[in-house]
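Enquirer: Questions regarding the structure given below will be posed in turn.
The values are calculated or read from the model by the stated rules, or taken from the named source; none is laboratory data. Since the structure is predicted, the reported quantities are computational estimates derived from the model, not experimental observations. Cβ placement follows ideal geometry from the backbone for every residue including glycine, while neighbour counts extend to all protein chains displayed. The accessibility values were calculated without ligands, DNA or RNA, using every heavy atom of the protein model including side chains. Shrake-Rupley method; radii C 1.70, N 1.55, O 1.52, S 1.80 Å.
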Amino acid sequence: MKRIAILGSTGSIGKQALEVVDDLGSEIEVAGLAAGSNRELALQQVKKLAPEVVSLAKEEDAHWLKHNLGLEWNTEVVWGIDGLVAVATLTGVDTVLTAVSGAVGLLPTVKAIKAGKDIALANKETLVAAGPLVMDLARTQGTRLLPVDSEHSAIWQCLQGENTERVSKIILTASGGPFRTFDMDLLKQVTPGQALKHPNWDMGGKITIDSATLMNKGLEIIEARWLFGLDYENIEVTIHPQSIIHSMVEFVDGSTIAQLGVPDMRLPIQYALTHPQRVKGSAPRLSWPIGDLSFEAPDYGRFPCLHLAYEAGRIGGTMPAVLNAANEIAVEQFVAGRIGFMSIPSIVAKAMEKHTVIQKPSFDQIFEADRWAREMSTSYAQ
Ligand code: NDP
Ligand code: MG
C-alpha cells in the first residue's frame with residue numbers, strides 16, 4: 001500500500017486526487033491533508049479519510065476544525081506554512097501530491113524532497129521559480145518528480161521505454177484559452193468573469209486566468225525544461241483547441257509520439273500515483289471517431305506572456321521566479337477588477353525589466369526575488 005499526503009486537498013486537483021484515491025481503493029492511504037481556507041470541505045475530508053495530520057492556512061480555522069472534530073478525534077490539526085511543511089514531511093508517507101496554487105508550494109516541496117518523499121508535482125510554480133535547485137535536490141536525495149500537469153504527463157508517457165537522449169524536441173499543446181480568436185481591442189476589454197471560463201478544462205481560478213493569457217503555457221515551457229532536461233530551442237508550443245492531444249515528443253528519426261485522452265485531470269493524477277502500473281480508473285474514454293483535431297501557431301503579439309516566459313527561462317537565474325511572482329500579483333489584481341487583462345503581461349514585463357538577475361541563486365535568493373517582484377508588481381498595479 002502507498003501512503004500519500006495531499007497539499008491543496010480542497011482545490012480542483014486536490015478534489016480530483018481524492019476521487020482517484022477512492023477509485024484505487026485499498027491500494028492507497030491518505031495520511032496527510034493540507035488546505036487553505038475552505039475549512040468546511042477540509043472537515044468533510046478529515047471525517048472521511050481520518051488522516052494523521054491536517055493543516056489549514058489560518059490558526060483560527062485550525063481551532064474551528066479541531067473543535068468540530070471533537071475531543072475524541074485523533075487527527076492532529078496544524079496551520080500556516082509550518083503546518084504545510086508538517087504535512088509535506090510526515091513520517092511514513094511515500095509520495096506528496098503538491099496541488100497548492102502558486103509559489104507557496106515551493107518551500108513544502110523542498111522540505112518534502114529533503115525528507116525523502118517522491119513528489120507528484122501539480123504545482124508547476126515550484127519548478128518555474130527554482131527548477132535547477134529542485135532538480136539537483138531531487139537527484140541528490142534520490143527522489144522522483146512525477147509529473148501531474150497533463151502536458152508533462154503526456155510527454156512522460158510518450159517517453160516510456162525510450163532513450164531520452166534520442167528526443168529531438170517536445171511539442172506542448174495549448175487550448176488557446178477562451179480568447180484564442182479575440183483581436184487586440186477585444187482582449188483589452190476582457191472581464192474576469194469571461195476569463196474565468198475555460199472552454200475545455202475545469203480548474204482553479206489562477207490557472208484558468210493563466211490559460212487565458214497563455215502564461216500557463218509559458219510556465220509549462222519552463223516546467224518541461226527542468227523535468228525533461230531539454231533546451232528551450234527544443235520545446236515548442238502548438239495551439240490545439242480541442243485539448244485531446246495532451247502533448248507530443250519528436251525523436252531523432254523524425255517519428256512523433258502523442259498521448260491522447262479526454263481533458264480530465266484524473267488520468268494524469270492517477271498515472272503519477274500508480275506509475276509504472278496502469279490501472280482501471282473512472283476517467284472518461286475517448287469515443288471514436290473523435291472528430292477533427294486542429295492545430296495553429298501561437299500568436300506572440302496577442303499573447304505576450306508566452307514570449308515573456310521563454311525570455312525569463314533563457315535568462316535563467318532568479319528571472320523565472322520574478323516572472324512567476326509578478327504574474328501571481330497581476331492575476332490577483334485583474335481578478336479583483338483593479339487592472340485590465342492586457343496589463344497582466346505589462347506588469348510582468350516591467351518587473352522583469354527592473355530586476356537585477358542573480359545567476360545560480362540559492363533558495364534564499366529565490367525567495368528574496370519572489371518577495372521583491374511581488375512588492376514591485378503591487379506598486380505597478382496601483
Ligand atoms: P485551486 O485554486 O483549485 O486549489 C488550490 C489549493 O491550494 C486549494 O486547496 C487551496 O485551499 C490551497 N491553498 C491555497 N493557498 C494555500 C496556502 N497558503 N496554504 C495552504 N493551502 C493553500 O488550484 P488548482 O487545483 O487548479 O491548481 C493547483 C496547482 O496545480 C497549481 O499549481 C496549478 O498550476 C496546477 N495544475 C492544475 C491543473 C488543474 O486542472 N486544476 C492542471 C495542471 C496543473 P482552499 O481552497 O481551502 O483555500
Ligand atoms: Mg497543463
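Enquirer: Sorting check: for 55-68, 235-248, 141-154, 313-326, which peptide has the highest mean count of neighbouring beta carbons within 10 Å, and how do the rest follow? Walk me through the numbers on the way to the answer.
Expert: Details: 55-68: 17.9, 235-248: 20.3, 141-154: 22.8, 313-326: 24.8.
The most tightly packed comes first, giving 313-326, 141-154, 235-248, 55-68.
Enquirer: Given a Förster radius of 30 Å and the C-beta distance between Q44 and L260 as r, what FRET efficiency does 1/(1 + (r/R0)^6) yield to the nearest 0.05? Don't skip to the end; give the middle numbers.
Expert: Details: r = 34 Å, r/R0 = 1.15.
So the FRET efficiency works out to roughly 0.30.
Enquirer: Now a separate question. What residues from region 17-51 fall in the zone where the backbone N is under 15 Å from a label point 7 Å along the Cα-to-C-beta line of D202?
Expert: Once the point is set 7 Å along Cα→Cβ of D202, 17-20 turn out to lie under 15 Å by backbone N, inside region 17-51.
Enquirer: In terms of the Cα gyration tensor, with a ≥ b ≥ c the square roots of its eigenvalues, is region 268-330 rounded because a/c is under 1.5, prolate because a/b exceeds b/c, or oblate?
Expert: Oblate is the answer for region 268-330, as a/c is 1.5 or above yet b/c matches or exceeds a/b.
Enquirer: Calculated FRET efficiency, N234 and E368, Cβ-Cβ r, R0 25 Å, to nearest 0.05?
Expert: Approximately 0.20, to the nearest 0.05.
Enquirer: Another question, if that's okay. Across region 251-382, how large is the tail of the calculated P(r) beyond 23 Å, expressed as a percent of all Cα pairs?
Expert: 56 percent
Enquirer: Probe radius 1.4 Å, ligands and nucleic acids left out: which of D264, D185 has the largest accessible area, and how do the rest follow?
Expert: Largest to smallest exposure gives the sequence D185, D264.
Enquirer: So if each residue of separation counts as 0.36 nm, and I subtract the Cα-Cα distance between D82 and D136, what length gain in nm does that give?
Expert: Working: separation 54, 0.36 × 54 = 19.44 nm, distance 2.38 nm.
Contour length minus the Cα-Cα distance gives 17.1 nm.
Enquirer: Suppose accessible area is computed on protein heavy atoms with a 1.4 Å probe; arrange M203, M184 from highest to lowest.
Expert: Working: M203 45, M184 70 Å².
Correct descending sequence by accessible area is M184, M203.
Enquirer: Stick to the Cα atoms of region 203-323, pair each with every other, and give me the Kirkwood hydrodynamic radius in Å at one decimal.
Expert: Values: mean 1/r = 0.0611 Å⁻¹.
Mean inverse Cα-Cα distance, inverted, gives 16.4 Å.
Enquirer: Something else: Add -39500 (n - 2.57) for each DSSP H run of 4 or more in the chain, then divide by its residues: what number comes out at 222 nm, to the nearest 500 deg cm²/dmol?
Expert: -14500 deg cm²/dmol
Enquirer: Go ahead and collect, in residue order, the members of region 305-344 whose backbone nitrogen is under 19 Å from a label point 7 Å along the Cα-Cβ direction of K58.
Expert: The answer is 336, whose backbone nitrogens lie closer than 19 Å to the label point.
Enquirer: How big is the Kirkwood radius of region 104-166, worked out from every pair of different alpha carbons and given in Å to one decimal?
Expert: Numbers: mean 1/r = 0.0814 Å⁻¹.
Hydrodynamic radius (Kirkwood, Cα pairs) of region 104-166 is 12.3 Å.
Enquirer: Is the C-alpha gyration tensor of the chain telling us rounded, prolate or oblate? Criteria: a/c under 1.5 is rounded; beyond that, a/b larger than b/c is prolate, otherwise oblate.
Expert: It comes out rounded by the Cα gyration axes.
Enquirer: Moving on. Taking amide H positions as placed 1.01 Å from N in the peptide plane, with prolines and chain starts having none, which residues 5 or more places from S55, or on another chain, fall under 5 Å of its amide H?
Expert: L33, A34, A35, V78
Enquirer: Rounded if a/c is under 1.5, else prolate if a/b beats b/c, else oblate: with a ≥ b ≥ c from the C-alpha gyration tensor eigenvalues square-rooted, which is region 32-79?
Expert: Verdict is rounded for region 32-79.
Enquirer: Just to verify a number: FRET efficiency for Q242 and T91, C-beta to C-beta distance, R0 = 56 Å, to 0.05?
Expert: Result of the calculation: an efficiency of 0.80.
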